[in-house]
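Below is one structure; the comments refer to it alone.
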Amino acid sequence: MNYENILIAIENSVATITVNRPTKLNALNKDTINDLHKAIKLLTKNAEVRAIVLTGSGEKAFVAGADIAEFSNFSIKEGAELAAEGQEKLFDFIENSKTPVIAAINGFALGGGLELAMACHIRVASENAKMGLPEVSLGLIPGYGGTQRLPQLIGKGRAMEMIMTAEMMTAQDAYRTGLVNHVVPQAELLEYCIGMAHRIIKNSPNAISKAIKAVNANFEEGKDGYKTEIKAFGKCFGTQDFKEGTTAFLEKRKAVFTGK
């Protein structure tokens, strides 16, 4: 399938998705959100793809925000629909993906760009990356999950300050506060993220998908994360991956998982 705003490469079970709107600093518009949704949906159904790395084209921006020109004249109803559709189609979709998604933040990740990175399961930033939620400077608030995911990652107080000042955070501060997992030189970013993906995919894909579901349950209203974990843990015992993993351990060899 051809996409207008993204590029996809698959190698050794790792898919790399690149948001490719360099003249717009890879800003998110409706078409790009649709492309990302379709691509991730297809990739998660592809048994050959065990992990996804998401990044932006060029050296300036991961995703520099939403395309403001697209919604500057929206009504209240249209604004609410924009947020609801985007969250369901992309941000929540990534967060709940059974395939792990790593954000390779290669520059500016602002507004919707930071919200996109926060929806991913793991974040790695280049040394030159800058992150922020500047929406209040436009008379808005974050609308793609930023007010919810940022406090989960860095705590309520820091999130309040970051949102209300609309100031950007350096990669080093993002690491210090827990917003990103690692900071690496820009030239090494993609290789580092792909290497991390390979460390992940040597493990059971079945177990990884259940772990994602159990961790997310802790942050879902009305969900008991402990009960979700217990149920998912039990289901692991009925999988071929569990039999292979325990047998390989007892036989002192490396397990070969199939995801079944």
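Of 153, 140, which residue is assigned to a helix (DSSP H, G or I), in contact with a helix residue (DSSP H, G or I) (Cβ under 9 Å, 6 or more places away or on another chain) and either among the hydrophobic types (A, V, I, L, M, F, W, C) or on the phi > 0 side of the Ramachandran plot (or both)?
153
Would you mind finding the one in 103, 80 that is among the small types (Gly, Ala, Ser), open to solvent by less than 10 Å² (accessible area, probe 1.4 Å) and not in a loop (DSSP other than H, G, I, E, B)? Just one listed residue meets the conditions, 103.
For region 55-74, the condition holds for at least one residue, the condition being that it is more than 20 Å from residue 129 (Cβ to Cβ), without any contact (Cβ under 8 Å) to a residue 40 or more places away in the chain and not hydrophobic (A, V, I, L, M, F, W, C). Being within 24 Å of residue 131 (Cβ to Cβ) and not in a helix (DSSP H, G or I) narrows it down to one residue among 33, 17, 40, 10; which is it? Testing whether each residue is within 24 Å of residue 131 (Cβ to Cβ) and not in a helix (DSSP H, G or I) leaves just 17. Residues that are of a type in the set (A, V, I, L, M, F, W, C) and touching a residue at least 60 places away in the same chain (Cβ under 8 Å) within region 9-26 comprise 14, 25, listed in sequence order. Can you find a residue that is among the basic types (Lys, Arg) and in a loop (DSSP other than H, G, I, E, B) anywhere in region 43-53? Yes: region 43-53 contains one or more residues that are among the basic types (Lys, Arg) and in a loop (DSSP other than H, G, I, E, B). The set of residues in region 153-171 being of a type outside the set (Lys, Arg) and without any contact (Cβ under 8 Å) to a residue 24 or more places away in the chain consists of 155, 157, 159, 160, 161, 165.
Within the option set 230, 200, being surrounded by 13 or more Cβ atoms within 10 Å (Cβ to Cβ) and in a helix (DSSP H, G or I) holds for one residue only, 200. Within region 174-194, the residues that satisfy the criterion of being more than 23 Å from residue 258 (Cβ to Cβ), open to solvent by 20 Å² or more (accessible area, probe 1.4 Å) and either part of a helix (DSSP H, G or I) or modelled with pLDDT under 95 (or both) are 175, 176, 186, 187, 188, 190, 191, 192. Residues of region 39-51 that are free of Cβ contacts under 8 Å to residues at least 60 places away in the same chain and either within 22 Å of residue 109 (Cβ to Cβ) or open to solvent by less than 50 Å² (accessible area, probe 1.4 Å) (or both): 39, 43, 44, 49. The numbered conditions (1) at pLDDT below 95; (2) open to solvent by 60 Å² or more (accessible area, probe 1.4 Å); (3) within 20 Å of residue 121 (Cα to Cα) are all true for residue 70 except (3).
Only one of the numbered conditions (1) closer than 21 Å to residue 185 by Cβ; (2) more than 14 Å from the chain's Cα centre (by Cα) is not met by residue 18, and that is (2).
The values are calculated or read from the model by the stated rules, or taken from the named source; none is laboratory data. Fair warning: this is a prediction, and the values are worked out from it, not measured in the lab. In this analysis, Cβ positions are derived from the backbone assuming ideal geometry, glycine residues included, and neighbour counts consider all displayed protein chains. Please note that ligands, DNA and RNA were not included when accessible areas were found on the heavy atoms of the full protein model with its side chains. Shrake-Rupley method; radii C 1.70, N 1.55, O 1.52, S 1.80 Å.
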